[in-house]
Amino acid sequence: MNCEEARSLFVDYWSDALTGGASEEFSLHLEACQQCRSEAESLKGLWTSLSAIPEEDPGPRTRTRFHDLLRSWRQAESVRRGWFPLAAHPAFQAVAAALILTLGIGAGYLLRSQEGARGASSGQSEIAQLRAEVSNMRQLVALSLLQQQNASDRLRGVSYAYRVEHDDPQVVDALLTTVSLDSNVNVRLAAVDALSNVSSPAARLGLEQTLDRQTSPLVQIAILDQLVQWRDRAARAVVESLVSDRDADPEVRQHAQWALREIQ
């Protein structure tokens with residue numbers, strides 16, 4: 001089980017719904033992956049606290065009100081982003097996280113109240129819709145945090161990017177922009193690592209194009225490692241250019257020579 005598969009089971013883990021082989025594989029992954037283990041435990045604590053809130057019996061108009069509120073909120077967010085960058089407010093992260101959890105709880109009430117009438121097939125459709133909404137929220141949070149002025153906030157934005165669909169074009173473009181232009185080396189390194197989960201040609205081409213423009217040897221080496229991992233033969237020209245660049249860092253040139261052998 002990889003990190004992507006583990007994160008897809010977080011909701012089941014928080015609600016103690018994992019059973020059988022999935023539970024065993026998930027537990028083994030958490031034992032081996034500190035990042036997933038820390039994230040799962042910290043979020044489960046919040047989930048447990050929220051589960052203590054008394055349940056209310058939703059009325060027949062709950063679904064309509066829920067979707068109306070969600071639609072109104074998304075329209076308001078679209079307008080607000082046009083004149084005030086969502087990432088500019090320091091409290092946005094907490095508000096977004098609370099909103100995601102609130103939507104999850106509200107949708108959960110809806111699913112439970114209608115599960116018997118609509119059957120298992122309908123329940124799966126509702127869950128898929130909820131997960132799609134959560135994915136959209138994650139994308140919004142990731143893109144917003146990547147625009148923050150504080151480097152630690154941008155690092156958190158990269159972390160959120162791991163939770164978005166890997167080939168999401170907006171997130172991929174934001175990560176490539178971060179690799180190319182971010183002033184903080186650690187943020188750039190994190191963005192390169194986040195792109196390792198992406199399989200789109202745009203990601204590969206973007207890393208190739210930024211390789212010789214990087215000012216940090218650490219970032220150049222990280223990009224070379226990623227190109228080798230992808231076995232990206234189309235990158236041979238830019239790697240050869242780096243090998244022949246006498247102004248390049250000696251360690252980078254040596255690593256480029258190794259990378260050239262590996263991708264040929």
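The values are calculated or read from the model by the stated rules, or taken from the named source; none is laboratory data. Model, not experiment: these values are computed from the prediction. As a convention, Cβ positions derive from the backbone with ideal geometry for all residues, glycine included, and neighbour counts pool all protein chains shown.
With the condition being touching a residue at least 60 places away in the same chain (Cβ under 8 Å), I'd like the helices (runs of 4 or more DSSP H) fully within region 146-264 carrying at least 1 qualifying residues.
So the answer is 151-161.
Would you be able to say whether some residue in region 188-197 is over 20 Å from the mean Cα position of the chain (by Cα) and within 30 Å of Ala142 (Cβ to Cβ)? Don't jump to the end; show me each part of the working.
Restricting attention to region 188-197, the residues satisfying the condition of being over 20 Å from the mean Cα position of the chain (by Cα) are none.
No, there is no match, as no residue in region 188-197 is over 20 Å from the mean Cα position of the chain (by Cα) and within 30 Å of Ala142 (Cβ to Cβ).
Has region 241-258 got any residue that is surrounded by 15 or more Cβ atoms within 10 Å (Cβ to Cβ) and closer than 23 Å to Cys3 by Cβ?
No, every residue in region 241-258 fails to be surrounded by 15 or more Cβ atoms within 10 Å (Cβ to Cβ) and closer than 23 Å to Cys3 by Cβ.
With Ala151, Ala161, Ala190 as the choices, which residue is outside the structural domain of Glu5 (by TED's automatic domain parsing), in contact with a Leu (Cβ under 8 Å, 6 or more places away or on another chain) and at pLDDT 85 or above? Before you say what the answer is, go through the steps one by one.
Details: Ala151 fails: in contact with a Leu (Cβ under 8 Å, 6 or more places away or on another chain); Ala161 fails: at pLDDT 85 or above.
Every option except Ala190 fails the conditions.
Working only within region 167-181, note down all residues that are crowded, with 18+ Cβ neighbours inside 10 Å and farther than 23 Å from Pro217 by Cα. Even if it seems obvious, please write down each step before you answer.
Step one: of region 167-181, the residues crowded, with 18+ Cβ neighbours inside 10 Å are 168, 171-172, 174-176, 178-179.
Passing the criteria: Asp168, Val171.
Output the residue which, of all residues in region 182-192 that are of a type outside the set (S, T, N, Q) and under 16 Å from Asp153 (Cα atoms), is surrounded by the fewest Cβ atoms within 10 Å (Cβ to Cβ). Can you show your working first?
Taking region 182-192 and keeping what is of a type outside the set (S, T, N, Q), we get 182, 185, 187-192.
With under 16 Å from Asp153 (Cα atoms) added as a condition, the list becomes 182, 185, 187-191.
On the way: Asp182: 21, Val185: 16, Val187: 20, Arg188: 26, Leu189: 20, Ala190: 24, Ala191: 26.
By that ranking, first place goes to Val185.
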